[in-house]
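So the structure is just underneath, and the comments pick up after that.
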Amino acid sequence: MTRQSRLYEPPFARVPALIRPNTLDSYLLAQAVPPFTIALSVVLIALLLERLLVLLNLLAAEASPFSTLLRLLADLLPHYMGLALPAALCVSIFAVVRRMSDTNELDSLMSSGVSLLRVCRPFAVAGAALGVMSMLLYGYIQPHARYQFREGFYLASHAGWAPVLQPGVFATPSPTISLRADGVSHDGTDLTGVFIRDTGDGRERDIVAKRGHVRVNTAKAEAQIDLTDGSILTIPPKGEPSVTYFDHATRLISHAQQSQFRNRGDDERELTSGELSRELHRDARAARGLVDTVPPPSASQQQFASEDIPPQSLRAELNFRLARSLSIPFIPILAASLAVLGKRKRGSAGLAVAVVILVTYDHALQFGESLVATGRNSPLLVIWAPTLLFCGACTALILARADMIAPANLRAALQDVARMRLFRRRLSGEAR
């Protein structure tokens with residue numbers, strides 16, 4: 001044995017034996033990782049492209065920098081991740097099981113005593129892990145990301161005056177300033193033949209310059225213009241006018257007073273699952289006439305305001321998040337059961353059926369959430385009943401598929417193997 005082989009350690013050697021995947025589990029998970037990564041990337045890009053075009057049009061009108069677009073897209077990523085994660089999981093598991101069925105790998109495993117349920121076990125465990133991650137995603141990451149997106153879009157759309165100028169046309173970047181230029185560049189920042197009239201501070205200033213360059217500072221919500229080779233005619237309320245010549249001067253032509261963006265909690269989707277639970281508990285105690293023993297949070301701790309949100313909306317949002325998270329472990333089971341084909345069947349539309357089932361189930365949950373938000377229906381009836389139906393149908397389908405693809409001769413072969421093992425055990429017992 002060489003030194004290199006003695007130092008080799010399997011990837012999961014340090015994982016506890018109770019949860020350590022064996023060779024089959026490692027092989028199946030390794031086969032599912034590449035299609036899952038590709039499917040997740042494709043779905044995310046497809047979802048972000050539509051919103052990217054809308055943001056480009058809106059931010060270009062406000063002359064916002066490209067970094068603002070990147071921050072807004074980063075804030076949108078958790079929302080679209082919640083939509084892309086179940087789709088990528090379904091597509092990847094379906095692709096792996098379909099390939100194994102086409103290349104007879106599944107038949108080889110079953111002939112050696114490995115059932116379809118055993119093949120689906122690592123996929124179900126991976127789905128359960130993604131379900132736990134989705135609870136954090138739906139319950140804590142998405143609410144903060146949604147609020148940050150709305151705040152960033154508000155600040156970008158209120159960043160001050162944008163240099164939208166036309167040659168020979170007066171513009172009013174502020175109530176006291178009028179601006180005109182004989183020539184304007186394509187992006188509206190380089191000017192020639194500039195004329196500015198400023199009536200602030202109780203006096204009139206007429207500024208003429210050969211060239212000008214407009215600079216917009218979105219962080220300070222202000223616009224400045226750099227003037228070259230010009231003069232300033234100052235006309236005070238009393239006294240003689242004066243003329244000043246300059247080679248270079250900078251004028252502030254617009255400064256917007258940005259209002260503070262609202263606190264987080266304008267609707268229930270901006271509250272985390274813990275905050276939704278606390279608000280529901282507080283409303284329930286108030287409805288029973290009990291005094292809340294928990295002291296109210298201080299001004300530094302109170303970062304959201306949900307007094308105007310009805311309790312039924314809070315309850316609908318919390319149940320909707322939990323139902324979506326608990327359904328994710330059953331998506332691999334659905335995909336695996338629809339991916340298995342009989343030997344005489346090719347080109348089955350199993351993936352299309354899985355997509356239709358998932359889309360229908362998601363719309364049913366959204367419809368149930370809207371019914372609970374009206375206060376006329378119970379979440380047990382319109383949210384959890386479809387969830388239990390979906391989970392039970394996936395479980396029944398995989399059980400039926402596992403029994404269906406085990407033909408009679410395969411069962412007989414497995415029975416012969418079991419009898420041979422029993423016979424060998426009896427022979428070894430008699431020998432002793």
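The values are calculated or read from the model by the stated rules, or taken from the named source; none is laboratory data. Since the model is a prediction, treat every value here as computed from it, not as a measurement. Using ideal geometry, Cβ is built from the backbone for each residue, glycine included, and neighbour counts are taken over all protein chains shown. Note: areas computed on protein heavy atoms with side chains; ligands, DNA, RNA excluded. Shrake-Rupley method; radii C 1.70, N 1.55, O 1.52, S 1.80 Å.
General remarks:
- Selection of helices (runs of 4 or more DSSP H) fully inside region 1-110 by the criterion of at least 3 residues being open to solvent by less than 50 Å² (accessible area, probe 1.4 Å) and modelled with pLDDT of 90 or more returns 23-61, 66-102.
- Total residues in region 248-274, condition hydrophobic (A, V, I, L, M, F, W, C), under 22 Å from the mean Cα position of the chain (by Cα) and at pLDDT below 90: 0
- Pairing each residue of region 385-401 that is closer than 18 Å to Val356 by Cα and in contact (Cβ under 8 Å) with a residue 40 or more places away in the chain with any residue that is acidic (Asp, Glu) and not in a helix (DSSP H, G or I), provided the two are 6+ apart or on different chains, yields no C-beta distance under 9 Å.
- Tyr138 vs. criteria part of a helix (DSSP H, G or I), open to solvent by less than 40 Å² (accessible area, probe 1.4 Å), without any contact (Cβ under 8 Å) to a residue 40 or more places away in the chain and among the hydroxyl-bearing types (Ser, Thr, Tyr): no
- Any chance Ile309 is in a loop (DSSP other than H, G, I, E, B), surrounded by 13 or more Cβ atoms within 10 Å (Cβ to Cβ) and at pLDDT 75 or above: yes
- Among (1) at pLDDT 80 or above; (2) part of a helix (DSSP H, G or I), the one test that Arg285 misses: (1)
- Test for Ser277: is it at pLDDT 75 or above, in contact with a Gly (Cβ under 6 Å, 6 or more places away or on another chain) and under 30 Å from Phe320 (Cβ atoms): no
- The condition of being more than 40 Å from the chain's Cα centre (by Cα), of a type in the set (Gly, Ala, Ser) and modelled with pLDDT under 85 holds for only one of Gly183, Gly230, Gly200, Gly193, that being Gly200.
- Test: Leu117 is more than 20 Å from the chain's Cα centre (by Cα), in contact (Cβ under 8 Å) with a residue 40 or more places away in the chain and open to solvent by less than 20 Å² (accessible area, probe 1.4 Å): no
- Residues of region 178-197 that are in a strand (DSSP E or B) and open to solvent by 10 Å² or more (accessible area, probe 1.4 Å): Ser178, Arg180, Asp182, Gly183, Val184, Asp190, Thr192, Gly193, Phe195, Arg197.
- Where helices (runs of 4 or more DSSP H) fall wholly inside region 345-413, the ranges with 3 or more residues that are surrounded by fewer than 14 Cβ atoms within 10 Å (Cβ to Cβ), within 28 Å of the chain's Cα centre (by Cα) and at pLDDT below 95 are 350-373.
- Phe123 being out of contact with any Ser or Thr (no Cβ under 7 Å at 6 or more places or on another chain) and farther than 30 Å from Lys238 by Cβ: yes
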